[in-house]
Amino acid sequence: MLDYSLETIGLTHVYDGSFRPGSRRTRVLDTLDLRVPEGSIYGFLGPNGAGKTTTLRLVLGLLKKQTGQIRVFGRPFEADRIGPLRRIGSLIETPGLYASLTAVENLRVLQRVYRCPATRIDEVLQLTGLADTGRKKAGKFSMGMKQRLAIAMALLHDPALLILDEPTNGLDPEGIVGMRNLFRMLNKEHRVTILISSHLLGEMEKLITHTGIIHKGRLLFQGPLETLKQAHAGADLETIFMYLTTRQP
């Protein structure tokens, strides 16, 4: 039996637009059963508006759950939110940085919150390629550097599960390859389970071990990437993705 770092059971979420004339309630997630195996790199894939970010915000407690269950490291999330969150690192949407602080100073703020060893600051800066930024303020960073700093912040407390929403936004090809290598190293050498949402299907195919493809709030496929490819005669991920998502009503 597989152990899951993250699992949702019947997760359903509705946005109520009834306060606007002529608007209707929109079901963003429809009985979603997400299962992220421990030790996997899980690619959470879907078109814009499919429900990816809503799902990630729900499992991190950033949105209030309406219907269904969320289990983190085998335990109900509602029973103990603080414990699981201490073992999760995340980057959701726009990086939350202090623009007037350096990379080191941004990390020192979180280091005091997490109460993790100060030596972790240098470690995560080295991992993310930001060790030589010196006194440069984060507000002067390029978008790619801001993304790397946000990932450094997510790694600071040495999480067992890393949840990333479009983590390569703003990175050039060299930066994307660097992030791919970082994620592989974290997964293989540090045994970090990674749940990653991205629209870069070619890059995801090089990285992930498992995938869940979501469309209009429902999973079209979930399982090992190789199983998906075998079921479609070895086609590449982009071809399979387009086939699954365009044939749905």
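The values are calculated or read from the model by the stated rules, or taken from the named source; none is laboratory data. Since we're looking at a predicted model, the values are computed, not measured. No Cβ is skipped: glycine too gets one built from the backbone with ideal geometry, and neighbour counts run over all protein chains shown.
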Query raised in the report: Mind checking which residues of segment 82-110 are surrounded by 20 or more Cβ atoms within 10 Å (Cβ to Cβ), within 27 Å of residue 71 (Cα to Cα) and in contact with a helix residue (DSSP H, G or I) (Cβ under 7 Å, 6 or more places away or on another chain)?
Result: 89, 90, 91, 95
Report summary line: Among residues of segment 111-130 being part of a loop (DSSP other than H, G, I, E, B) and either of a type outside the set (A, V, I, L, M, F, W, C) or in contact (Cβ under 8 Å) with a residue 60 or more places away in the chain (or both), the residue surrounded by the most Cβ atoms within 10 Å (Cβ to Cβ) is 128
Query raised in the report: Which of (1) at pLDDT below 95; (2) part of a strand (DSSP E or B) is the odd one out, the single condition residue 42 does not satisfy?
Result: (1)
Query raised in the report: Of everything in segment 89-123 that's at pLDDT 95 or above and of a type in the set (A, V, I, L, M, F, W, C), which residue is farthest from the chain's Cα centre (by Cα)?
Result: 101
Report task. Just give me the residues in segment 76-92 being touching a residue at least 12 places away in the same chain (Cβ under 8 Å) and outside any helix (DSSP H, G or I), in sequence order. Result -> 77, 78, 81, 86, 87, 88, 89, 90, 91, 92
Requested in this report: Would you confirm whether any residue within segment 41-61 is of a type outside the set (D, E, K, R), surrounded by fewer than 19 Cβ atoms within 10 Å (Cβ to Cβ) and over 30 Å from residue 242 (Cα atoms)?
Outcome: yes
Query raised in the report: Tally time: how many residues in segment 177-204 are free of Cβ contacts under 8 Å to residues at least 40 places away in the same chain and in contact with a Ser or Thr (Cβ under 9 Å, 6 or more places away or on another chain)?
Result: 4
